[in-house]
1. Could you check, for segment 154-165, whether at least one of its residues is among the acidic types (Asp, Glu), closer than 30 Å to residue 35 by Cα, outside any loop (DSSP other than H, G, I, E, B) and in contact with a helix residue (DSSP H, G or I) (Cβ under 8 Å, 6 or more places away or on another chain)?
2. Could you go through segment 207-217 and let me know if any residue there is open to solvent by 80 Å² or more (accessible area, probe 1.4 Å), within 15 Å of residue 85 (Cα to Cα) and touching a helix residue (DSSP H, G or I) at 6+ places or on another chain (Cβ under 9 Å).
3. Among the residues that make up segment 183-195, is at least one of them of a type in the set (Val, Ile, Thr), under 30 Å from residue 115 (Cβ atoms) and touching a Gly at 6+ places or on another chain (Cβ under 8 Å)?
4. If a residue has to be within 16 Å of the chain's Cα centre (by Cα) and among the small types (Gly, Ala, Ser) to count, how many in segment 174-219 make the cut?
5. Are there any pairs with C-beta distances below 6 angstrom linking a residue in segment 123-141 that is in a helix (DSSP H, G or I) to a residue that is open to solvent by less than 10 Å² (accessible area, probe 1.4 Å) and among the hydrophobic types (A, V, I, L, M, F, W, C), with the two at least 6 apart or on different chains, and if so which?
6. I'm trying to understand the selection: among the residues of segment 199-237, which are touching a residue at least 12 places away in the same chain (Cβ under 8 Å) and part of a loop (DSSP other than H, G, I, E, B)?
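The values are calculated or read from the model by the stated rules, or taken from the named source; none is laboratory data. Quick caveat, the model's predicted, so the values are computed rather than measured. Ideal geometry is used to build each Cβ from the backbone, glycine not excepted, and the neighbour counts take in all protein chains shown. Keep in mind that these areas ignore ligands, DNA and RNA; they rest on the heavy atoms of the full protein, side chains included. Shrake-Rupley method; radii C 1.70, N 1.55, O 1.52, S 1.80 Å.
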Amino acid sequence: MGMNDMIQFFRQMSGKLGSNIYAGVQGQTNLQNISFIRQLQKEMKENNCLDTPLHELKVVVFDLETTGFYPEKGDRVISIGAIKMTGNVIKKTETFYSLVHSPNSLSEEISVLTNICEEELRRAPFASEVLMDFFKFVKNHALVAHHAKHEQSFMQKMTWDLLKTRFEHRIIDTSFLLRLSNPLIKSIPLEDACKECGIEVINRHHALGDAKLTAHIWGHYLELAQSMGYKNLREIYEYLAKIR
């Protein structure tokens, strides 16, 4: 074997070794993720948030910025923002925010609306990494969102596509609490909900900014529920079910 052949041989072996090591690390990471998700699902089943006293209820209020409304048609998540609460107290230092990697072009309309550019998304962490980091932040707590069906549909698709498991976190829509003050309310824009509560609209269409606004709305109506004598979410659900 000549010198050039030997060099080529060692390069090939080095490449194969590197690939095997990488594949091994990826496989181990996937197993760890699956194990974490399964443990999380078990904890969620044991976490009965419906009967938790309202002042002790721990939730994570979150928001997604997306390229559209239809994940099944190719619309995707471009950022996730979240903040923790206990009762009506917002944990201002316990927040989560991340852009989500995308190599695809971003419409000018979405870029202007969210103040996110294509270059930022190309440098952002991959969706699988962001999703796992988000689950580690949320743990087994219930989630709260405004217009929760939007968030739920994207989370369900992301979780299945990336982790091959179902999204099983409970998501509570702020709209159901709004009905305590007006039973006829079905769903209103975030700005209008803020106006109802006297909340100044700041940093709109930023995932963390919208999560914070939603947290203020949740806190406002949770305080109202307590003043009306409700002890937990189950009592509120049962009352609202009767007035439909």
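1. If we filter segment 154-165 for residues that are among the acidic types (Asp, Glu), which is where we start, we get 161.
After this cut, where a residue has to be closer than 30 Å to residue 35 by Cα as well, the list is 161.
Those left that are additionally outside any loop (DSSP other than H, G, I, E, B): 161.
Filter once more, so that each one left must be in contact with a helix residue (DSSP H, G or I) (Cβ under 8 Å, 6 or more places away or on another chain): none.
No: segment 154-165 contains no residue that is among the acidic types (Asp, Glu), closer than 30 Å to residue 35 by Cα, outside any loop (DSSP other than H, G, I, E, B) and in contact with a helix residue (DSSP H, G or I) (Cβ under 8 Å, 6 or more places away or on another chain).
2. Going residue by residue through segment 207-217, those that are open to solvent by 80 Å² or more (accessible area, probe 1.4 Å) are 212, 216.
This time we only want the ones that are within 15 Å of residue 85 (Cα to Cα), so: 212, 216.
Then drop every residue that is not touching a helix residue (DSSP H, G or I) at 6+ places or on another chain (Cβ under 9 Å), which leaves 216.
Within segment 207-217, one or more residues are open to solvent by 80 Å² or more (accessible area, probe 1.4 Å), within 15 Å of residue 85 (Cα to Cα) and touching a helix residue (DSSP H, G or I) at 6+ places or on another chain (Cβ under 9 Å).
3. No, every residue in segment 183-195 fails to be of a type in the set (Val, Ile, Thr), under 30 Å from residue 115 (Cβ atoms) and touching a Gly at 6+ places or on another chain (Cβ under 8 Å).
4. 4
5. Short answer, once both residue conditions are applied: 127/100; 130/100; 134/80; 138/60.
6. The initial filter retains those residues of segment 199-237 that are touching a residue at least 12 places away in the same chain (Cβ under 8 Å), namely 199, 201, 204-226, 228, 230-234, 236-237.
Across segment 199-237, the qualifying residues are 199, 201, 204, 205, 206, 228, 230, 231, 232.
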